[in-house]
Amino acid sequence: MKKYILLLAIGFIFAGCDGLFFGPRKIVIKGKIAKSSNVSEMKVRAESTYTLADAKKALIFSGNEYNLVEISANGTFSGKATVGSATVVAFLTSDNQFIGNLFAGGMNVLPLVGVADDLNTIDLSTLTLEGTRVIPANDPVGSQIQLSAEELNFMQQLSTYYESLAKNIDMDKDGEPDILVGNQILVNSLVYVTVGRFGRNSTAPVLLDTTQFRIDYSVRIEGDKDLYNEKFTPVFQGPAGAPYSNIKSETHTGQNCFISMFDRTDFSLTQGVKNTYLPFANGVYTFTLSEKNKYTFTHTNVDMGNYMVIVIPTFHTDNDGYITKVTYEFELPDRTIINPRNLLSSYIRIQINSAQYNQLYEGLHLYGTYDLENYDFYTEKIEAKVKLSDVSTIGLAYIDLLGNEYQMNWTSN
């Protein structure tokens, strides 16, 4: 099982490894800083170093893509973000110290999905500060950003990854947001899960009960290749106060980046349990990339068994038994049907394998430049000559809106 997971992961890494790039459509995010003479601002001043009146810049970013804009003398700002991304809007002082981040729709990220085709501007209106949460008078989630109740709950749960933004925006602790000085690393989860039996023609797929999912976890850290020293083995440690002793690592490099994957491996566990690659608890972790590059960040664990998009496949064949296409359905673990455009940020990648794990077909790249507006999430045509009778397993992979990577294994029986 470990070998199979690793082969899948390596294949996904070298499919791209240029960082995540979303579609070309941009949308303007604008707002205005409220005056600091109110009681709420005075209370924040007593509890923190800064108020929102100290904000001179707005940092709008998603993944490794960002837009740093100046806040004018009258408190207004305007910057662009990419449609189809989960965007963070952080407010900084003149010397780039963190003040707070936009909190809209109960989330620390702004999910730029479910927006009308003719929408080109989101006006947050007046902004106020509560702790490190920057609250907009005009919350676009539910009005300009359309999500179902289930999709909204899903995003709210997963956005806990960004609860520690104030601590994680400067992981190398040099006083500057990492993304601005080229030292940024992206920390996400890699989740591998066995979910059921794939469908075939008129035979419906069989999805296991969520209590029977076999889920394996890794922490996935990506950064620019220039940060990587091949003579130094990256080290991942934590959580602070109760560090694990069973962390294993794999690091690979592509054309422009490195990717390190860390898992907690316990081979004493049997096939009858939920996983053998265990999740990492909430806490503070350190990642040492070289003698000069050390990062400290807060990791928030989410139960992926309850919060993942399940991609459910069905194969369709011609009269000779050759696969012509595969169709997909999309559900949450509670069987709620969802719109994949609102929760996924990549194409669906499929790998079709024989019983000996020989790859019979490999589909679209997991990493690269995505044209999601014109992508058919529901159907993929298979041009290669592959007989369904030769297929034993398939691996489906995608990246969610927050950058977490999922690999889903479906079997023939």
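Some observations on this one:
- Listed residue (G305, I337, A104) projecting farthest to the positive dipole end of the chain, Cβ model: G305
- Max mean-square fluctuation residue, GNM over the chain, Cα-Cα springs under 10 Å, options K56, K80, K294: K294
- From the coordinates shown, Cα Rg over 2.2 N^0.38 Å corresponds to which of [x] 1.02; [y] 0.96; [z] 1.14: [x]
- Dividing the helix sum by the residues of the chain, where each DSSP H run of 4 or more adds -39500 (n - 2.57), gives a mean residue ellipticity at 222 nm of -2500 deg cm²/dmol.
- Relative packing of peptides 346-355, 385-394, 225-234 - highest average C-beta neighbours within 10 Å first: 346-355, 385-394, 225-234
- Pairwise label distance in nanometres, E176 with K30, each label 7 Å out on the Cα-Cβ vector: 3.0
- The range 326-358 versus the range 137-207: alpha-carbon centroid distance in Å: 16
Just so you know, all these numbers are worked out from the coordinates, no wet-lab data involved. Just so it is clear, the structure is predicted and the values come from calculations on it, not from any experiment. Positions of Cβ are backbone-derived with ideal geometry, glycine not excepted, and every protein chain shown enters the neighbour counts.
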